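Participant: Structure in structure tokens, see below.
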Amino acid sequence: MTEPDAYIATDADFMTPTKSVAMSELVWGSFLAAFLKRDQNDLAAKLQKDMANFGIRPGILMWNMVIDVYSDRGETNEVLAAWRTMSAQGVKPNALTYRALISSLFRAKQSTEALQWFTTFETDVKPISSVEHSLFVYNAVLNGLLHLGRGNVETALSIFQRMQDDGPKPDLVSYNTMLGYHARQTDFKSMAAIINQMGSARVVGDVFTFSTILSALLRVGRTDAPEMVINIMRKQGVEASVATYTAIIQSQMEEQTIQHLQATMRLLDEMEKDRDVAPNEVTYTSVLAGLYRGSWLSPEQIQWYKQDITARMRKRNVNLKAGGYNILIRACLRDPNGLEDGLAFYREMVRNKVPRGDDTWYVMLSGLLDREEWEVARTIVDEMFSSGSQPGPRVLRLADKIRNGQG
């Protein structure tokens with residue numbers, strides 16, 4: 001920007017006919033935040049020095065980006081130091097700045113300080129903040145209090161009630177935060193109250209809402225949990241869709257327990273009864289891939305459920321595409337006992353004449369390389385070249401490693 005032939009101005013005020021592109025606070029802040037996220041503190045310091053030399057004064061947008069980085073990393077001292085520097089420069093914090101500070105203090109278990117700053121926010125900043133931005137702060141407080149334990153629950157409940165009475169009115173995040181806490185306590189009376197309040201406020205649940213309810217019901221052994229959740233969805237006026245059911249199934253598979261897997265199968269049963277929400281490739285792939293993630297199932301159980309799912313797919317003429325095969329192959333090759341199934345999915349892909357592109361070759365070769373399955377990997381490399389594929393650079397690098405026997 002200082003070279004004679006530079007075409008980028010340091011700020012819009014310094015644009016000229018030859019410098020037709022200008023940096024903005026967002027761009028400066030993005031660079032600074034990126035350096036900090038990657039622990040490139042020397043580059044961050046140099047950038048700040050350059051900004052000072054160019055006469056660029058950070059505004060609240062840039063400060064929020066910097067403080068967010070420190071907050072996300074749990075560096076509370078850095079958050080407070082940045083806040084002090086910002087204030088010394090005459091930049092006033094807004095709701096988003098308070099959200100980052102308060103979240104950081106709660107993560108550091110400094111609830112007293114967090115609530116003091118929250119009081120300051122309510123007095124000084126809330127009156128001039130949008131409802132949306134105020135909700136960010138309130139939701140951060142609810143989340144922080146409820147994750148600190150029982151000693152802070154009454155305060156959270158009081159704030160939640162104040163939101164309902166005086167505003168900002170709770171949004172879906174607020175309700176999900178409360179619901180998640182009560183679910184962790186298996187307090188179904190309070191969960192029911194939250195669900196009823198959502199109905200009265202015309203706030204419709206999302207995948208997190210219904211997955212939370214389903215998991216809580218399963219935890220206490222309710223075998224009718226999937227049906228109960230479906231009824232709650234209907235009462236809330238949630239239009240059943242393949243995407244919604246599939247997202248709930250994905251969430252259940254991530255729990256990696258037999259109870260959640262059985263609930264998943266019950267949800268599949270419900271979907272398969274209704275043509276409008278019939279499971280698709282993504283639905284079945286989510287279940288199949290989940291079988292291989294983690295070590296929560298025996299090889300015999302994996303095979304039983306795999307055969308069940310593939311039989312369902314054949315019955316409904318649901319065929320995997322390249323993306324689905326890639327997900328399954330990757331999951332299998334990451335499972336210590338999944339090599340044979342991973343190769344079986346690959347062979348099935350070949351039999352069904354599904355195109356094998358760079359993504360497939362990369363998944364296969366990187367997975368085999370990680371497992372040090374050299375002979376199998378060399379066979380796949382030979383097949384790749386004999387198939388007429390023209391692999392890209394990242395795949396060629398893997399092929400060279402495999403042919404040279406380099407892990």
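The values are calculated or read from the model by the stated rules, or taken from the named source; none is laboratory data. From a predicted model like this one, the values you see are computed outputs, not experimental measurements. As a convention, Cβ positions derive from the backbone with ideal geometry for all residues, glycine included, and neighbour counts pool all protein chains shown.
Participant: Please list, ordered by first then second residue, the pairs with beta carbon atoms under 7 Å, 6 or more apart or interchain, first in segment 163-176 and assigned to a helix (DSSP H, G or I), second of a type in the set (D, E, K, R).
Facilitator: Met163/Lys169; Leu172/Asp206
Participant: Looking at (1) surrounded by 18 or more Cβ atoms within 10 Å (Cβ to Cβ); (2) assigned to a helix (DSSP H, G or I); (3) at pLDDT 85 or above, can you tell me which one Gly205 breaks?
Facilitator: Only one criterion is unmet by Gly205, namely (2).
Participant: Also, I was wondering about something else. Would you tally the residues in segment 65-109 being of a type outside the set (D, E, K, R) and under 20 Å from the mean Cα position of the chain (by Cα)?
Facilitator: Qualifying residue count for the region: 8.
Participant: Can you pull out the residues in segment 150-165 that are more than 15 Å from Thr177 (Cβ to Cβ) and of a type outside the set (Lys, Arg)?
Facilitator: Gly151, Glu154, Asp165
Participant: Going through Tyr325, Tyr305 one at a time, which residue ends up being in a helix (DSSP H, G or I) and surrounded by fewer than 21 Cβ atoms within 10 Å (Cβ to Cβ)?
Facilitator: Just a single option satisfies the conditions, and that option is Tyr305.
Participant: Contact list please: Cβ distance under 8 Å, first residue in segment 318-337 and at negative phi and free of Cβ contacts under 8 Å to residues at least 40 places away in the same chain, second residue outside any helix (DSSP H, G or I) and β-branched (Val, Ile, Thr), pairs at least six apart or on different chains.
Facilitator: Pairs that qualify, where the first residue is at negative phi and free of Cβ contacts under 8 Å to residues at least 40 places away in the same chain and the partner is outside any helix (DSSP H, G or I) and β-branched (Val, Ile, Thr), are Leu320/Val354; Ala322/Val354; Tyr325/Val354.
Participant: Look through segment 160-187, keep the residues that are under 27 Å from Ile258 (Cβ atoms) and in contact with a helix residue (DSSP H, G or I) (Cβ under 7 Å, 6 or more places away or on another chain), and return whichever of them is surrounded by the most Cβ atoms within 10 Å (Cβ to Cβ).
Facilitator: This residue is Leu179.
Participant: Sort through Thr97, Thr119 and tell me the only one that's at pLDDT 95 or above, surrounded by fewer than 21 Cβ atoms within 10 Å (Cβ to Cβ) and part of a helix (DSSP H, G or I).
Facilitator: Criteria check complete, one pass: Thr119.
Residue by residue, here is whether (1) in contact with a strand residue (DSSP E or B) (Cβ under 7 Å, 6 or more places away or on another chain); (2) farther than 20 Å from Thr186 by Cβ; (3) among the hydroxyl-bearing types (Ser, Thr, Tyr); (4) modelled with pLDDT of 90 or more holds:
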site: Phe210; (1), (2), (3), (4): no, no, no, no
site: Leu217; (1), (2), (3), (4): no, no, no, no
site: Ala247; (1), (2), (3), (4): no, yes, no, no
site: Thr257; (1), (2), (3), (4): no, no, yes, yes
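Participant: Within segment 196-235, count every residue that is in contact with a Gly (Cβ under 7 Å, 6 or more places away or on another chain) and closer than 17 Å to His182 by Cβ.
Facilitator: Residues in segment 196-235 being in contact with a Gly (Cβ under 7 Å, 6 or more places away or on another chain) and closer than 17 Å to His182 by Cβ: 2 in total.
Participant: Still on this structure: Select from segment 308-320 the residues that are polar (S, T, N, Q) and either in a helix (DSSP H, G or I) or touching a helix residue (DSSP H, G or I) at 6+ places or on another chain (Cβ under 8 Å) (or both) and list them in ascending order.
Facilitator: The answer is Thr310, Asn319.
Participant: Picking from Ala140, Ala108, which residue would you name as being modelled with pLDDT under 95, closer than 28 Å to Ala44 by Cβ and of a type outside the set (Asp, Glu)?
Facilitator: Ala108
Participant: Of all the residues that make up segment 1-54, how many are at pLDDT 80 or above and farther than 30 Å from Glu78 by Cα?
Facilitator: 0
Participant: Residues in segment 250-296 that are surrounded by fewer than 21 Cβ atoms within 10 Å (Cβ to Cβ), at negative phi and not in a helix (DSSP H, G or I): how many?
Facilitator: 7
Participant: Is it the case, given these coordinates, that Glu227 is surrounded by fewer than 21 Cβ atoms within 10 Å (Cβ to Cβ), of a type outside the set (S, T, N, Q) and closer than 25 Å to Asn143 by Cα?
Facilitator: no
Participant: A further question follows. Out of Asn404, Asn319, which single residue is under 30 Å from Glu300 (Cβ atoms), surrounded by fewer than 18 Cβ atoms within 10 Å (Cβ to Cβ) and not aromatic (Phe, Trp, Tyr)?
Facilitator: Only one candidate qualifies: Asn319.
Participant: Also: Here is a list: Leu142, Leu115, Leu135, Leu157. Which entry is in contact with a Phe, Trp or Tyr (Cβ under 7 Å, 6 or more places away or on another chain) and closer than 30 Å to Trp83 by Cβ?
Facilitator: Of the residues listed, the single one that is in contact with a Phe, Trp or Tyr (Cβ under 7 Å, 6 or more places away or on another chain) and closer than 30 Å to Trp83 by Cβ is Leu142.
Participant: Out of (1) aromatic (Phe, Trp, Tyr); (2) modelled with pLDDT under 90; (3) under 30 Å from Lys109 (Cβ atoms), the odd one out for Tyr181 is which?
Facilitator: (2)
Participant: Collect the residues in segment 98-119 that are of a type in the set (Ser, Thr, Tyr) and closer than 19 Å to Trp63 by Cα, keeping them in residue-number order.
Facilitator: Tyr98, Ser103, Ser104
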